[in-house]
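Here is the structure we will look at.
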Amino acid sequence: MQTKAGDPGAFAQFDLSRVESPAFVVDAAKLRANCQILAQVRDAAASDGAAIKIYGALKAFSMWSVAPILGEYLDGVCASGLWEARLASEFYDGEIATYSAAFKPEELDEICRLSDHVIFNSPSQLKRAALILDHAATTGGDVSVGLRLNPMVPTGEVPKYDPSAPGSRLGFPIDQLNEEVMEGVEGIHFHNLCEQTFSPLKQTWDRVFDAIEPWFGQLKWINMGGGHHITRADYERSELIEFLKDAAADTGAEIILEPGEAVALDAGILVGTLLDTGFNDMPVGVTDVSATCHMPDVLEAPYRPAMLGELEDESAIPIRLGGPSCLAGDVIGDYRLPVPAEAGARFAFLDQAHYSMVKTNTFNGVQLPSIYLWDSDTDQLELVKSFEYEDFKQRLS
């Protein structure tokens, strides 16, 4: 999988020695610029009175210390379960939409209390939750119930990241929709994209539109999920704006997008240090950045993260970088370093604010990266969070 981002932006001028290593550094100015683009798309699409909203996906980026930036521009956030819904209610402004592939019955009452929209993965789950939903309604809860659909339109580059892949557990198969399934459903949700531009959304919508058209008078909202790389330079934003206008006019429903990566695209780097070097058929290096612990998508996708300032000269000898864990597969990739390949050298991987930060773990007792907030407009740098042995210890028993 080839990364679709990797624009260094203001990080090209950032002195990596200003932070401890390893560390995530998030640029507040870039984050703000991304949110401004999302708000501009929403406002342009709503210029004729269409009901358009954009949420930020906490599953991709949940650095709650920057929640005020998202709250200034976006309409709310989407959560993937109880804990994210709690985080949303505590720190984020606007509406909360909560979806999970399966809700625990004992958590659903609180989820309904915290959320504006609760989205079920199947009609059977919704039916089992009927009493809880009735209780929420009678106690003053104003939760709107939605159903996630599986459009059955594969568009992804990597099947295991594609919700429409054969055998997917995500969403109710769209070809099984009927009156009984849709009883009591106020909203439809589908999430079918991953780091994609406008065309796959249009392709997906063509299928969804035909399937849900009989319920246009019933549906109050249609949530088109995430995976939209709206803030990427090559995204067809003008086409998206016209599409959103048409979708709202055709359906009479509120149209919602919930981008995750687009919120934090190119807004963060992961700074690391080369700890040791050697030679085994090629130059190899051990770093304090671990693919396994700090960038799991490097192994899961897999993909090769872009490096800040990597040399383009093919005559430069690459070095294979890997983490300090004992896992043989903890390999990040082969890079032509912009600095001498020697112990103590600093480097940084680009576009690491989304997903990398939320997926970190402490396998092998590998230290979690510190988190810094930098504003490239003012050059203000703040250490938001550092992690110690106690953080590792308290996860265990």
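Side notes on the structure shown:
- Condition met for residue 201 (among the hydrophobic types (A, V, I, L, M, F, W, C), closer than 14 Å to residue 154 by Cα and either part of a loop (DSSP other than H, G, I, E, B) or open to solvent by 10 Å² or more (accessible area, probe 1.4 Å) (or both)): no
- Residue-level check: of (1) of a type outside the set (D, E, K, R); (2) more than 20 Å from residue 274 (Cα to Cα); (3) modelled with pLDDT of 95 or more, residue 397 misses just (3).
- Strands (runs of 3 or more DSSP E) fully within the range 209-301 that include at least 3 residues being under 26 Å from residue 361 (Cβ atoms) and of a type outside the set (Phe, Trp, Tyr): 268-279, 283-287.
- Residue selected from the range 119-130 under the condition of a type in the set (A, V, I, L, M) and under 29 Å from the mean Cα position of the chain (by Cα), by the criterion surrounded by the fewest Cβ atoms within 10 Å (Cβ to Cβ): 129
- Residue match in the range 94-102 (condition: open to solvent by 20 Å² or more (accessible area, probe 1.4 Å), modelled with pLDDT under 95 and not hydrophobic (A, V, I, L, M, F, W, C)): no
- Candidates 288, 297 - the one that is of a type in the set (Asp, Glu) and within 21 Å of the chain's Cα centre (by Cα): 297
- Qualifying position, being more than 30 Å from residue 29 (Cβ to Cβ) and buried (at least 18 other Cβ atoms within 10 Å of the Cβ), among 70, 133: 133
- Close pairs (6 angstrom Cβ cut-off, 6 or more residues apart or separate chains): closer than 16 Å to residue 226 by Cβ and of a type in the set (Val, Ile, Thr) in the range 239-260, modelled with pLDDT of 95 or more and in a helix (DSSP H, G or I) anywhere: 255/244; 255/247; 255/248
- Condition met for residue 117 (out of contact with any strand residue (DSSP E or B) (no Cβ under 6 Å at 6 or more places or on another chain) and of a type outside the set (S, T, N, Q)): no
- Scope the range 129-144; condition in contact with a strand residue (DSSP E or B) (Cβ under 6 Å, 6 or more places away or on another chain) and assigned to a loop (DSSP other than H, G, I, E, B); matching residues: 143
- Boolean, residue 95 is within 25 Å of residue 252 (Cβ to Cβ) and acidic (Asp, Glu): yes
- There is no residue in the range 350-370 that is assigned to a strand (DSSP E or B), out of contact with any Phe, Trp or Tyr (no Cβ under 7 Å at 6 or more places or on another chain), modelled with pLDDT of 95 or more and not hydroxyl-bearing (Ser, Thr, Tyr).
- Test for residue 147: is it over 28 Å from residue 65 (Cβ atoms), modelled with pLDDT of 95 or more and not polar (S, T, N, Q): yes
- Contact map, the range 332-345: first residue at positive phi, second residue of a type in the set (Lys, Arg), Cβ cut-off under 9 Å, separation 6 or more or different chains; pairs are 333/304; 333/320.
The values are calculated or read from the model by the stated rules, or taken from the named source; none is laboratory data. What you see is a predicted model, and the numbers here were worked out from it, not measured in a lab. No Cβ is skipped: glycine too gets one built from the backbone with ideal geometry, and neighbour counts run over all protein chains shown. SASA here: full protein model, heavy atoms, side chains in, ligands and nucleic acids out. Shrake-Rupley method; radii C 1.70, N 1.55, O 1.52, S 1.80 Å.
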